[in-house]
Amino acid sequence: MTTPADLLPHRYPMLLVDRVTELVPGEHIRALKAVTVNEPWYAGLTAGAPEYPQALLVESWGQTAGLLAVAAGGAPEDQVMLFGSVADAEFHRPVLPGDVIEHRVRVSRALTDSVVFEGSSHRGDETVMTVGRMVMAFRPAGLLRPEEDTEDTTPPAPPSPGTAREDQR
């Protein structure tokens, strides 16, 4: 059985999808995230049950979308999947330690090198977050991870005091 760790480069503590419960490649996915007080962002907190960070809720939803993006056979060869943008994300209820969140992600549009998703996150029957649009793109790995030039180890020079724009003012 394929796990989220088999398809995503993320690992502890940033692998934020625990289990895929439903997957139709190219269409939709449902996945679970169990929020626990043992996660590193809760370390050192002692008062009450703090709300799960909204940025991590979006990240977890985005990782679920990433799973859907690569479900049909992984990222294209020599390509890296990149988060592009998120729009119209709304947070409806707080997420607390002990909650099990179900992310529901649908492909809204698939292009040659990009995928647009939409969906929501739920705690039982309650919607905790909706996402109007998230864009992910595939880009050539070589452009993002150029081979290191071992001959020139000189750091780039700082910008000069008079840049072109400043000269035009």
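Some notes on this structure:
- Single residue of 85, 108 found to be among the hydroxyl-bearing types (Ser, Thr, Tyr), surrounded by 14 or more Cβ atoms within 10 Å (Cβ to Cβ) and at pLDDT 90 or above: 108
- Any hit, the stretch 33-44, residues being out of contact with any Phe, Trp or Tyr (no Cβ under 6 Å at 6 or more places or on another chain), surrounded by fewer than 16 Cβ atoms within 10 Å (Cβ to Cβ), at pLDDT 95 or above and not charged (D, E, K, R): yes
For (1) in a strand (DSSP E or B); (2) touching a helix residue (DSSP H, G or I) at 6+ places or on another chain (Cβ under 9 Å); (3) surrounded by fewer than 16 Cβ atoms within 10 Å (Cβ to Cβ); (4) at pLDDT 95 or above, each residue gets a yes or a no:
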site: 119; (1), (2), (3), (4): yes, yes, no, yes
site: 128; (1), (2), (3), (4): yes, yes, no, yes
site: 132; (1), (2), (3), (4): yes, no, yes, yes
site: 137; (1), (2), (3), (4): yes, no, no, no
site: 146; (1), (2), (3), (4): no, no, yes, no
site: 149; (1), (2), (3), (4): no, no, yes, no
site: 157; (1), (2), (3), (4): no, no, yes, no
site: 160; (1), (2), (3), (4): no, no, yes, no
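The values are calculated or read from the model by the stated rules, or taken from the named source; none is laboratory data. In this text the structure is predicted, and so the values were computed from the model without any measurement. A quick note on method: Cβ atoms are made from the backbone with ideal geometry, for glycine too, and the neighbour counts reach across all protein chains shown.
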